[in-house]
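For reference, the structure is listed below as structure tokens.
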Amino acid sequence: MGVDAITVEMGSLHLSNPTVLASGVHGSSLDKVLAALKFGAGAAVTKSIGPIPREGYPEPTLVEVEGGWVNAAGLPNPGAEKFSEQLAQVRGKGLPIVVSIFGGDSEEFARVVDALDGEDFRAYELNLSCPHVAGVGTEVGHYPEEVSRVTKAVKRRTRKPVFAKLSPNTERLVEVAKAAVEAGADGLTAINTVRAFPIDIETGSRALSNGFGGLSGGAIRPVALRCVYELRGALDVPIMGCGGVATWEDAVQFFLAGADAVQVGTSTIRKLDRFNEINLGILAYLERKGLHRLGDLVGAAHRGGLRGGTG
């Protein structure tokens with residue numbers, strides 16, 4: 001079976017395969033983004049970039065827990081102007097880079113786009129869902145009206161595809177997603193991390209300097225699958241599933257739930273070169289099931305499962 005069986009078309013965003021490096025795992029430089037592409041990722045999302053430089057929180061910002069990690073880095077980034085200089089290094093290469101951006105309101109999002117849009121990358125991902133930074137993230141992404149304003153402001157300033165990254169920490173998930181799509185979002189990313197609070201039993205206090213953080217990794221996969229399934233049942237737009245993808249089996253679950261592509265994040269902390277093996281596993285699965293293309297999997301759980309039995 002040829003690799004063209006796993007190409008992905010999400011509106012105007014074309015990917016050679018459905019695996020994407022998730023935002024926020026490897027810092028704000030482009031080095032790991034470019035490394036992920038060399039290791040077979042169909043695209044890679046940068047660390048979230050805001051309108052001005054931000055140092056983030058002091059250490060500790062990351063703690064391992066059963067089934068994953070909890071992080072609260074505080075959105076450290078060099079700011080949009082400085083990051084545009086980094087992007088200039090890849091100008092003209094046509095690499096499948098997606099830039100994650102954040103802001104406290106629609107005007108701040110717009111400022112980031114104004115600073116970055118002339119550079120050579122494929123799409124934006126709107127970080128509407130960081131669970132641990134006051135003034136951005138969930139304060140924006142839990143309110144459909146604000147999500148609509150942000151999405152419209154970004155779409156007015158770019159012709160690049162725009163994906164809205166959604167929070168699982170709200171009962172208004174579908175309502176927020178609809179607001180983004182109606183405002184012009186080209187697709188959705190589901191989900192960001194789950195709000196969490198790890199405790200250090202030796203100190204008897206918070207394990208992270210910020211206290212609250214975002215849980216990622218395999219522990220949140222069922223939550224992410226539920227969100228993707230709900231979104232696919234309500235909306236006919238491209239969806240990138242994100243949350244606990246480490247193997248091809250994990251990826252297949254997301255496709256069956258309705259995702260067109262998957263983002264791989266926490267599992268790359270220890271093994272960045274896992275994209276090729278996930279893609280090979282997907283190809284082998286399609287062949288074993290007698291399926292000709294990835295699209296035959298997408299949303300199958302909504303249709304009563306795969307035709308042809310268990311294979």
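Where a number appears in this text, it was derived from the coordinates with a stated rule and is not lab data. Keep in mind that this is a model prediction, so the values were computed, not measured. Counting neighbours? That spans all protein chains shown, and the Cβs are built from the backbone with ideal geometry, glycine included.
Worth pointing out:
- Between R159 and A234, the FRET efficiency from the beta-carbon distance, with R0 = 41 Å, is close to 0.95.
- Modelled spin labels at D273 and F212, positioned 7 Å past Cα toward Cβ, are 4.0 nm from each other.
- Rotationally averaged projected area of segment 1-59 (alpha carbon convex hull; nm²): 5.7 nm²
- In segment 161-227, GluC sites (Glu not before Pro) in a DSSP loop with at most 16 other beta-carbon atoms within 10 Å: E171, E202
- Mean separation of Cα contacts under 8 Å, 6 or more apart, over the residue count of the chain: relative contact order %: 19 percent
- Taking every alpha-carbon pair under 8 Å whose residues sit at least 6 apart, segment 115-190 reaches a relative contact order of 35 percent.
- Lysine pairs meeting the criterion (Cα under 14 Å, 8 or more apart or interchain), as found in the chain: 9
- Amide H contacts of I199 (H built 1.01 Å from N, in plane; Pro and chain starts excluded): A207 sit under 5 Å, all sequence-distant by 5 or more or on other chains.
- Stokes-Einstein translational diffusion, segment 156-253 - Kirkwood Rh over all Cα pairs, 0.692 mPa s, 37 °C, in µm²/s: 220 µm²/s
- Under Karplus coefficients 6.51, -1.76 and 1.60, residue-wise ³J(HN,Hα) of segment 230-246 in Hz, glycine/proline x: 5, 5, 5, x, 9, 9, 10, 9, x, 10, 9, x, 8, x, x, 8, 10
- Cα gyration tensor shape for segment 234-311, rounded if a/c is under 1.5, else prolate or oblate: oblate
- Rg/Rg_globular for the chain, with Rg_globular taken as 2.2 N^0.38 Å and Rg from C-alpha atoms: 0.94
- With K and R counted +1 and D and E -1, the other residues having a Cβ less than 12 Å from that of D273 yield a net charge of +4.
- Per residue, the convex hull spanned by the Cα atoms of segment 1-142 measures out at 140 cubic angstrom.
- 3J(HN,Hα) along segment 84-99: 4, 5, 5, 5, 4, 5, 10, 4, x, 8, x, 6, x, 9, 10, 9 Hz, from the Karplus curve 6.51 cos²θ - 1.76 cosθ + 1.60 with θ = phi - 60°, whole Hz, x for Gly and Pro.
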